[in-house]
1. Could you order the peptides 55-66, 92-103 from most to least packed, using the average number of other C-beta atoms within 10 Å per residue?
2. Quick one: grab the alpha carbon gyration tensor of the stretch 73-140, order the square roots of its eigenvalues as a ≥ b ≥ c, and give me rounded if a/c is under 1.5, else prolate or oblate depending on whether a/b is larger than b/c.
3. Which percent of Cα pairs goes in each bin when the distances of the stretch 15-90 are cut into 5 angstrom slices starting at zero?
4. Please work out the FRET efficiency for the pair Val47 and Asp122, using the Cβ-Cβ distance as r and a Förster radius of 35 Å; give the result to the nearest 0.05.
5. At 1.4 Å probe radius, can you tell me the per residue accessible area of the stretch 33-137 in Å²?
6. Return the carbon/sulfur percentage of the accessible area of the chain, one whole number, probe 1.4 Å, all protein chains in place.
7. Set the Förster radius R0 to 22 Å, insert the Cβ-Cβ distance between Ala140 and Ser86 as r into 1/(1 + (r/R0)^6), and round the FRET efficiency to 0.05.
8. Bins of 5 Å, beginning at zero and ending with the bin holding the largest distance: percent of Cα pairs per bin for the chain, please.
Amino acid sequence: MCAVVARDPGYPHDVVYEDERSIAFLDAYPTLLGATIVAPREHREDVTADFSLDEYLELQRVVYRVGEAVRQAVPTERVYVLSLGSRGANSHVHWHVAPRPPGVPFEEQQLAALAWERGLVDVDDAEQAALAGRLRALLA
């Protein structure tokens with residue numbers, strides 16, 4: 001996560017939004033089309049304790065805006081927003097914005113929709129780049 005946030009060329013991601021304090025990019029391994037990650041630029045590890053209330057709310061405004069853009073860009077019945085990771089791996093705090101499409105059976109919703117065991121979305125680089133462009137336009 002830190003390498004992506006730092007825009008390390010060895011970890012390319014389709015960035016859809018960035019400002020001085022945050023960055024949002026398409027998930028490189030999506031289980032749902034349009035899955036997007038929002039992270040603070042500065043390395044923080046605790047989803048609440050490492051932020052002042054104002055900093056946290058500022059990031060949540062970005063999460064909201066990204067969620068709305070994703071909802072407009074891909075067929076979405078519900079947007080999931082969650083923070084995952086651990087101090088042992090992927091410790092840089094981040095939020096997943098995951099759009100669940102319409103018609104998904106109940107047993108494949110919620111955390112099951114995010115499980116890699118179900119497989120990744122079959123989206124090629126050109127489609128991912130086009131989606132990133134749509135999201136950038138919506139977030140401009």
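The values are calculated or read from the model by the stated rules, or taken from the named source; none is laboratory data. Everything numeric in this text was worked out from a predicted model, so none of it was measured. When we count neighbours, we look across all protein chains shown, and the Cβ atoms used for this are built from the backbone with ideal geometry, even at glycine. What goes into the accessible areas is simple: the full protein's heavy atoms, side chains included, and nothing from ligands, DNA or RNA. Shrake-Rupley method; radii C 1.70, N 1.55, O 1.52, S 1.80 Å.
1. Working: 55-66: 16.7, 92-103: 19.6.
By packing density, highest mean first, the sequence is 92-103, 55-66.
2. Values: a/c = 1.62, a/b = 1.13, b/c = 1.43.
Oblate.
3. Taking every Cα pair in the stretch 15-90, the percentages come to 3, 14, 26, 25, 18, 10, 3.
4. On the way: r = 31 Å, r/R0 = 0.89.
After rounding to 0.05, the efficiency reads 0.65.
5. Values: 6060 Å² over 105 residues.
Result: 58 Å² per residue.
6. Working: 4200 of 7940 Å².
Carbon and sulfur: 53 percent of the exposed surface of the chain.
7. Numbers: r = 34 Å, r/R0 = 1.55.
Efficiency computed from Cβ-Cβ geometry: 0.05.
8. Percent of Cα pairs in each bin: 2, 10, 20, 24, 21, 15, 7, 2.
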